[in-house]
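The values are calculated or read from the model by the stated rules, or taken from the named source; none is laboratory data. Because the structure is a prediction, the values reported are computed rather than measured. Don't worry about glycine lacking a Cβ; one is built from the backbone with ideal geometry, like all the others, and counts go over all protein chains shown.
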Amino acid sequence: MDMEAAQKKVQELHEKLNRYSYDYYVLDKPSVPDSEYDRLLQELIQLEEEFPGLKTPDSPTQRVGGEILEGFKKVEHKTPMLSLGNAFNEQDLRDFDRRVRQAIGDDFQYVAELKIDGLAVSLRYEDGLFVQGATRGDGTIGEDITENLRTVHSIPLRLKRSESIEVRGEAFMPKRSFERLNESKIEKGEEPFANPRNAAAGSLRQLDPKIAAKRNLDIFVYGIGDLGDTGVQRQSEGLDLLDELGFRTNHERRKCETIDEVIELLHNMQEKRQSLSYEIDGVVIKVDLLEQQEKLGYTAKSPRWAIAYKFPAEEVMTKLIDIQLNVGRTGVITPTAILEPVRVAGTTVQRASLHNEDLIREKDIKIGDYVVVKKAGDIIPEVVNVLEDQRTGDEKDFHMPAECPECESELVRIEGEVALRCINPKCPAQIREGLIHFVSRNAMNIDGLGERVIAQLFKEGLITDVADLYELSKEQLIQLERMGEKSVENLLRAIDRSKENSLEKLLFGIGIRHVGSKAAKTLAQHFETMDRLQNASRDEIIAISEIGNKMADSIVTYFEKPEVMTLIQELKGHGVNMEYKGPKLAAAAESTSYFAGKTVVLTGKLEELTREEAKEQIEALGGKVTGSVSKSTDLVIAGEAAGSKLSKAQELNIEVWNEARLVEELKN
Ligand code: IVH
């Protein structure tokens, strides 16, 4: 084939493949069998190999994911990517409607769109060619994730018309893809994603675009960055224009004349929610006419012409198959509902804590009942109530046992507490839970030692207390289920590394009753060494303002036990650090770090660090992390979807960083 013929063929293949791909991914109406698409794609790949000059950035072959990147470049958004104010109930919506009427009168329409639960991205096109894709970041500066977005089939690499335009939309992972991804992660022994939103965000933040390419991501676009020269006069026309250009928009949108119509639509959508193939977390309501939008204007972070109605926590019905008892680290017995697996707010739920017997009585829960389940704060599964009219008479009452389900010693109810407790200090369940706590993230943070491994080690008798962890050998570990050479090496390295932890992690890890991670930090800062804390009197401990009577008593009693002395000696013998390594109390403010003496507020979702980690590191550098923004705040770290704290910061002219900037500064 000569060059000219090849060129013609390549163009023909582009057109066909783009059309088939559009039919499949955007219209959701496949027009040819997959095999036909694959055949044409192979043909194109071969031609491009033969004639490399014909390979263009908008070629359908470019969706497989290119070179691994070193990092993401920063991208400044020409028009800021704002977020939306929230409405949680009808009243909030009616208030919004009233504000709109006050500003522009009664002659207007709303357009209601689904609020897709993914992450906001911006897509930039020059003369019809996709040139850059970015995350929202802090709204002003995002990250360049062009190569990952290129792998999303519903994002056109070339528009149907040669426009230069910046569009915005929500990238997401469909429910099916999310389930499959998590199944395979679990199979490989990896941690599954908590929900499709995290999975989508995690996929788009991979430096290897080939990973994103395998994740089946999708997008709905919902807006245009700058409508300036599009001739569009309404949001609804903007969406139609996006359709015409070849984008995937969501077609569940509807124009509404009144807020009552909007409210009716919300109810319908809430019912439809489960049957959709993607997650939504609400409905966005926008004033349709742009001229009226402009009149309404903006607050510091969000438009006054739009609002996001958030659905209340999703509730689903399932069967309560059994009630099991868990023995916690402190001996508290917790009844746990075992449920027929059911999807709630993006994940499959099979267990829910029932807390204590009183609660079971109060809600009249029986084994075999059909129950309503929701996730409190969209995270922790909870049994809301029993569906009494579903009862058949075969349901069984549940009674707390008199003895510990693990060690059979008699349970006691401590005065003033609802919980039943096993008070046998040798109870294997308590020891096992204590070990799990010791290795957990906020404690000694030993990677690779999850509940499963600890349970095995304990069962095999390889560890009986936390000091034994430091005596584990390669030969012992390799015998465990699902433990390869490589994981053993990593694990031993993680155990070794934990010896270097600063004192507060050890103090929290050994599990002194009432001493949480925050108190452990305070104690470590004040006493600086384990020896000094061990020898401190009750009065000395109580002199610290953050430490109360109950905790002081508990600390003194703890260190009086001879077995505790032995344990600490053993840990010392293994080389476990017993000193505080963070900034000294008085010296913190003089430290040379950027954060020294500064008051910092964290808001929004962080992706690279957990909130806890960010807080810990900022504090270690002498900063103070507080919960709310005020005039005395020096810096606000705004993650994805930061809300009112960010707008407050902007109002008060406080410095705002995104997470990437924080990570960079922490590294320095
Ligand atoms: S409009 C200035 N429309 O919700 C208006 N946002 O809390 C900006 N979202 O950051 C957003 N579906 O990530 C808009 N149909 C939709 C949306 C939508 C999801 C997300 C978006 C935004 C957040 C606002």
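Scanning the stretch 466-485 for residues that are part of a loop (DSSP other than H, G, I, E, B) and either over 22 Å from Gly511 (Cβ atoms) or at pLDDT below 95 (or both) yields Ser473, Gln479, Leu480, Glu481, Arg482, Met483, Gly484.
Just checking, does the stretch 67-83 include any residue being farther than 27 Å from Lys286 by Cα, free of Cβ contacts under 8 Å to residues at least 24 places away in the same chain, of a type in the set (Lys, Arg) and outside any helix (DSSP H, G or I)? No, that holds for no residue.
Within the stretch 150-160, the presence of at least one residue that is touching a helix residue (DSSP H, G or I) at 6+ places or on another chain (Cβ under 7 Å), over 20 Å from Asp28 (Cβ atoms) and modelled with pLDDT of 95 or more is confirmed. Among the residues of the stretch 139-151, those that are within 16 Å of the ligand (Cβ to nearest atom), assigned to a loop (DSSP other than H, G, I, E, B) and either surrounded by 21 or more Cβ atoms within 10 Å (Cβ to Cβ) or not hydroxyl-bearing (Ser, Thr, Tyr) (or both) comprise Gly139, Ile145. Quick check, is Leu239 hydrophobic (A, V, I, L, M, F, W, C), within 16 Å of the ligand (Cβ to nearest atom), within 27 Å of Asp144 (Cβ to Cβ) and touching a strand residue (DSSP E or B) at 6+ places or on another chain (Cβ under 8 Å)? Judged against the criteria, Leu239 is a match. Note on the stretch 508-541: among residues that are part of a helix (DSSP H, G or I) and within 28 Å of the chain's Cα centre (by Cα), the one that is surrounded by the fewest Cβ atoms within 10 Å (Cβ to Cβ) is Lys518. Scanning the stretch 334-354 for residues that are free of Cβ contacts under 8 Å to residues at least 60 places away in the same chain and outside any strand (DSSP E or B) yields one hit, Leu354.
For every residue, the table says whether it meets (1) modelled with pLDDT under 95; (2) within 16 Å of the ligand (Cβ to nearest atom); (3) of a type in the set (S, T, N, Q); (4) surrounded by 15 or more Cβ atoms within 10 Å (Cβ to Cβ).
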{"site": "Leu27", "(1), (2), (3), (4)": "yes, no, no, no"}
{"site": "Ser31", "(1), (2), (3), (4)": "yes, no, yes, no"}
{"site": "Thr56", "(1), (2), (3), (4)": "yes, no, yes, no"}
{"site": "Gln62", "(1), (2), (3), (4)": "yes, no, yes, yes"}
{"site": "Asn89", "(1), (2), (3), (4)": "yes, no, yes, no"}
{"site": "Asp95", "(1), (2), (3), (4)": "no, no, no, no"}
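In the stretch 163-211, the residue that is farthest from the ligand (Cβ to nearest atom) out of those that are among the small types (Gly, Ala, Ser), modelled with pLDDT of 90 or more and surrounded by fewer than 19 Cβ atoms within 10 Å (Cβ to Cβ) is Ser164. For the stretch 263-311, residues that are within 15 Å of the ligand (Cβ to nearest atom) and either closer than 23 Å to Ser644 by Cβ or outside any helix (DSSP H, G or I) (or both) total 30.
Residues in the stretch 113-138 that are buried (at least 22 other Cβ atoms within 10 Å of the Cβ), in contact (Cβ under 8 Å) with a residue 60 or more places away in the chain and either more than 13 Å from the ligand (Cβ to nearest atom) or over 19 Å from the mean Cα position of the chain (by Cα) (or both): Glu113, Leu114, Ser122, Leu123. When the stretch 492-506 is filtered for residues that are crowded, with 21+ Cβ neighbours inside 10 Å and under 28 Å from Gln476 (Cβ atoms), the ones remaining, listed by number, are Ile495, Ser498, Lys505, Leu506. Please indicate, with yes or no, whether at least one residue in the stretch 577-591 is of a type outside the set (Ser, Thr, Tyr), farther than 30 Å from Ala200 by Cβ, without any contact (Cβ under 8 Å) to a residue 60 or more places away in the chain and crowded, with 20+ Cβ neighbours inside 10 Å. Taking every residue of the stretch 577-591 in turn, at least one turns out to be of a type outside the set (Ser, Thr, Tyr), farther than 30 Å from Ala200 by Cβ, without any contact (Cβ under 8 Å) to a residue 60 or more places away in the chain and crowded, with 20+ Cβ neighbours inside 10 Å.
Residues in the stretch 179-197 that are in a helix (DSSP H, G or I) and touching a strand residue (DSSP E or B) at 6+ places or on another chain (Cβ under 9 Å): Glu179, Asn182, Pro196, Arg197. Of the strands (runs of 3 or more DSSP E) lying entirely inside the stretch 599-650, the ones with 2 or more residues being closer than 15 Å to Lys518 by Cβ are found at 624-626.
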